[in-house]
Amino acid sequence: MTTIEWDDSYSVGIDLIDEQHKMLLQRFNDLSRALKVTRGSAKITKMLDFMVDYTEFHFSTEEKHMEELGYTGMAYHKKQHDQFKRTLGLLIEDFQEEGATRALSTSINVFLANWLINHFQVVDLEFARFLTEVGFEDSKGS
C-alpha cells in the first residue's frame, strides 16, 4: 500500500494549489487504504467518485486561472489533466467489472502516486512560477 505524506518538496508556493494538492493526497491515501483492506465495494466506489469529483474541481480551478491569465502552457497542462481523467476512468471501469483486485490496487497506487507527485513537482510548479510572475493574488477562496 502506498501512502504519500505531504512534504514541502510537493509545494508549488501557491496556497490555493497546495491546499487542493493536500486534499488530493489525503483522498489518495484513503482510497489506497480502502483498496488494501478491501473495505467493500460501496465504500471504494464512494472514494473513487470523490476522487473524480475533486480532481475535476481542482483541474477546473487551475484551468480557469490559466485561461483568465493567458498562460501559454495551458494546452499542455490541460492535456495532462485530460490524460489523468481518462486513466482514472479506466481504472474505475476495471473496479466496476472486477472489484477490488490486487492488480487494480497496484495500478491505482502506482499510477496515481507517480502521476500526482510528478504533476505537482513539474507541471504545476511551472504554472505556479507563471502565477508568481504575473502577480497572482494567492487566496484559498479563489
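The values are calculated or read from the model by the stated rules, or taken from the named source; none is laboratory data. Values in this document were obtained by computation on a predicted structure and should not be read as measured data. Cβ sites come from the backbone with ideal geometry, for glycine too, and all protein chains shown count toward neighbours. Ligands, DNA and RNA are stripped out before the accessible areas are found, and what is left, the full protein with its side chains, is counted by its heavy atoms. Shrake-Rupley method; radii C 1.70, N 1.55, O 1.52, S 1.80 Å.
Descriptive notes on the structure:
- Subset of segment 1-14 [open to solvent by 80 Å² or more (accessible area, probe 1.4 Å) and in a helix (DSSP H, G or I)]: 8
- Which numbered condition residue 107 misses (of (1) touching a residue at least 24 places away in the same chain (Cβ under 8 Å); (2) under 26 Å from residue 9 (Cβ atoms); (3) small (Gly, Ala, Ser)): (1)
One line per residue, one yes/no per condition, for (1) in a loop (DSSP other than H, G, I, E, B); (2) surrounded by fewer than 19 Cβ atoms within 10 Å (Cβ to Cβ); (3) modelled with pLDDT under 90:
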site: 17; (1), (2), (3): no, no, no
site: 27; (1), (2), (3): no, yes, yes
site: 38; (1), (2), (3): yes, yes, yes
site: 42; (1), (2), (3): no, yes, yes
site: 53; (1), (2), (3): no, yes, no
site: 60; (1), (2), (3): no, yes, no
site: 63; (1), (2), (3): no, yes, no
site: 72; (1), (2), (3): yes, yes, no
site: 82; (1), (2), (3): no, yes, no
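- One residue from 126, 97 being acidic (Asp, Glu), under 25 Å from residue 45 (Cβ atoms) and open to solvent by 40 Å² or more (accessible area, probe 1.4 Å): 97
- Positions within segment 97-142 being more than 20 Å from the chain's Cα centre (by Cα), among the aliphatic types (A, V, I, L, M) and within 30 Å of residue 37 (Cβ to Cβ), in sequence order: 100, 103
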